[in-house]
Amino acid sequence: MTLTGEFFAFMSLALVAVIGGVLLLNLTKVIHMVVALVFTFVSIAGIYVLLSAEFLAVIQVMIYSGAITIMMLFGIMLTRHHGDEAEPKGGILRKLALLLGVIGFGAAVYFGIYDLNFEAVPNTLHENNTEQIGVSLFSHYIIPFELTSVILLAALVGAIVLARRDDDKEGDQE
Amino acid sequence: MSSVPVSAYLALALILFCIGLYGALTKKNTVIVLISIELMLNAVNINLVTFSKYGVNPSITGQVFALFSIAVAAAEVAVGLAILISLYRNRRTVNIDEMDQLKN
């Protein structure tokens, strides 16, 4: 592992991503959690650039840092949060057990990947990345692509139907 | 080839996945649970893109799959938030402990 620019870029991006995730767990206000998450998403976009997936990096910034974060903010601001969720007294033991479980899971997976190394195969992913994705999407994966559009349409219609205000029943509560 | 080993990318994805898992299991606010699930999906996407470049057989397929995963995650957020707002309108709560209508 030599000290190159790629290594420094990876380390700083990974650090920002992990710090964003830890802040997500530790901050108390919901808005602050979402803002911490934006750091993680943008860092992951940088990781994608390092992995020669420029198109995915742009998609990550647009979809996650833009659209999904704004939608989460709408979800937060359309609901009311009382008292910044005071932690229950009896939940400490449960949280500790969950923490141990998650750490155990992480350790088990880490033992599987820590010395993983494949032989270097030269690839051309960085040349015309978007064109390669487009060619692959419309030649090999055309049926999943169309199914994705059906899923998005169904999600759009379902979201509108679910979140629509029922005028006769709910009008007097507001 | 690269100065960053494959296991470093996979370890970063593992750490983010564990953070998301812990958040999804412990947080009481439903919006934060949804956000934690997004974090886990992002970790999986990092794995897909890593294997797309440094795997045994590098190809563009991993990136295409990550694209599908992002699209499905966006749809999931839309429906999840719609369910959240609908529940909030009926029950006046976003606390995930109190969403127990299916229990009775």
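Here, each number is a calculation from the coordinates, and none is a lab measurement. None of these values were measured; they are calculated from a predicted model. For neighbour counting, all protein chains shown are included, and Cβ atoms are generated from backbone atoms with ideal geometry for every residue, glycine included.
Details
- Per-residue mean of foreign Cβ neighbours for B:23-29 is 5 (Cβ atoms of other chains, 10 Å radius).
- Net charge of neighbours whose Cβ lies under 13 Å from the Cβ of A:LEU125, counting Lys and Arg as +1 and Asp and Glu as -1: -2
- Working note: Cα atoms of the protein assembly as shown, range along each principal axis, descending, whole Å: 65, 45, 31.
- Loop chymotrypsin sites (Phe, Trp or Tyr not before Pro), segment A:41-139, which have at most 15 other Cβ atoms in a 10 Å radius of their Cβ (DSSP): A:TYR114, A:PHE118
- When restricted to Cα atoms, segment B:1-93 yields an Rg and a Dmax of 16.3, 57 Å, respectively.
- Averaged over the residues of peptide A:52-63, the number of Cβ atoms from other protein chains lying within 10 Å of each residue's Cβ is 4.
- Euclidean distance between Cα centres, segment B:1-71 to segment A:139-158, Å: 22
- Over segment A:105-148, all Cα pairs binned in 5 Å intervals from 0 give whole-percent P(r) values of 5, 16, 12, 12, 10, 12, 22, 10, listed from short to long.
- Each peptide in B:5-15, A:150-160 gets a packing score, the mean of other Cβ atoms within 10 Å over its residues, and the list from highest to lowest is B:5-15, A:150-160.
- Length released on extending from A:LEU15 to A:LEU78, taking residue separation times 0.36 nm less the Cα-Cα span: 19.4 nm
- Cβ neighbours within 10 Å from other chains - mean over A:109-118: 5
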